[in-house]
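The structure under discussion appears below in the form of structure tokens.
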Amino acid sequence: MEWISELFEQYGYGVLFLGLFAESLAIPFPGELAMAISGHMAAGGTFHLLWIMLVSYLGAIIGTIVTYVMGRKLGRPFFDKYGKYILLKPQRIDTLTTWFAKYSDKLILVSYFVPGLRHFTGYISGILKVRSRTFFLYNSVSGLIWVILYVMVGYIFGNKIEQLLHLIAQYSVWAVAGGAIVLTTLILVRKNKASLAAWARSRYHRLFKLSADSDR
């Protein structure tokens, strides 16, 4: 933790942007710990809380957009050959492809909270040709929740950062998955509200008719 604090003191907000950008490219950087520490420093008045969130968010989102474009433009053959340099070996690509096939592009909604997925979400989404609008929407929502959560952990709880990060790593996937289900349900309802309204009217008329018949 000390070395990250020293980087913040020397380079300020740039550490967060470049660090989270690098992490999105699958370059090792403790993004969650860095955000939590910066949140703690904001509580002490060293940084501004909203600037920390904005810079962290931009670093993470821009990084994943870059990797999405790379995956889409370069394709699977390129990463089969060179992906090993960012720990994206063919076996890992196969595993993540299977995950996407099982859970669809909704997996992006929890990607920031799943170890081994966050760093490669952009690459795999691009390789699989996930619709750009879908990727940008889901990636933006997931990234925003992720940033706010970890910055606020540091801001509120301070010296208990490490213990709390461990707890979050255990339970956040399930919490975000539940949120993703709710969001997906709302989207489906909105897209099919006409059909649902027609179904509800038909059920109402049927029940009304049965009630009227029983009263005779």
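Below are the figures for this structure:
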read-out	value
Region 77-107: number of residues that are farther than 18 Å from SER24 by Cα and of a type in the set (A, V, I, L, M, F, W, C)	4
ARG72, sole failed condition from (1) under 22 Å from VAL141 (Cβ atoms); (2) in contact with a Phe, Trp or Tyr (Cβ under 7 Å, 6 or more places away or on another chain)	(2)
Single match in GLY126, GLY154 (criterion: more than 14 Å from the chain's Cα centre (by Cα), modelled with pLDDT of 95 or more and crowded, with 22+ Cβ neighbours inside 10 Å)	GLY126
Residue among ILE52, ILE61 that is of a type outside the set (Gly, Ala, Ser), in contact with a Gly (Cβ under 7 Å, 6 or more places away or on another chain), within 20 Å of GLY126 (Cβ to Cβ) and open to solvent by less than 20 Å² (accessible area, probe 1.4 Å)	ILE61
Of residues in region 131-147 being open to solvent by 10 Å² or more (accessible area, probe 1.4 Å) and in contact (Cβ under 8 Å) with a residue 40 or more places away in the chain, the one farthest from GLY19 (Cα to Cα)	SER132
Single match in ALA36, ALA42 (criterion: surrounded by fewer than 22 Cβ atoms within 10 Å (Cβ to Cβ) and over 30 Å from ILE127 (Cβ atoms))	ALA42
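The values are calculated or read from the model by the stated rules, or taken from the named source; none is laboratory data. Fair warning: this is a prediction, and the values are worked out from it, not measured in the lab. Please note: Cβ atoms are built from the backbone with ideal geometry, for glycine as well, and neighbour counts cover all protein chains shown. Each accessible area value is taken on the protein alone, full model and side chains, heavy atoms only, with ligands, DNA and RNA left out. Shrake-Rupley method; radii C 1.70, N 1.55, O 1.52, S 1.80 Å.
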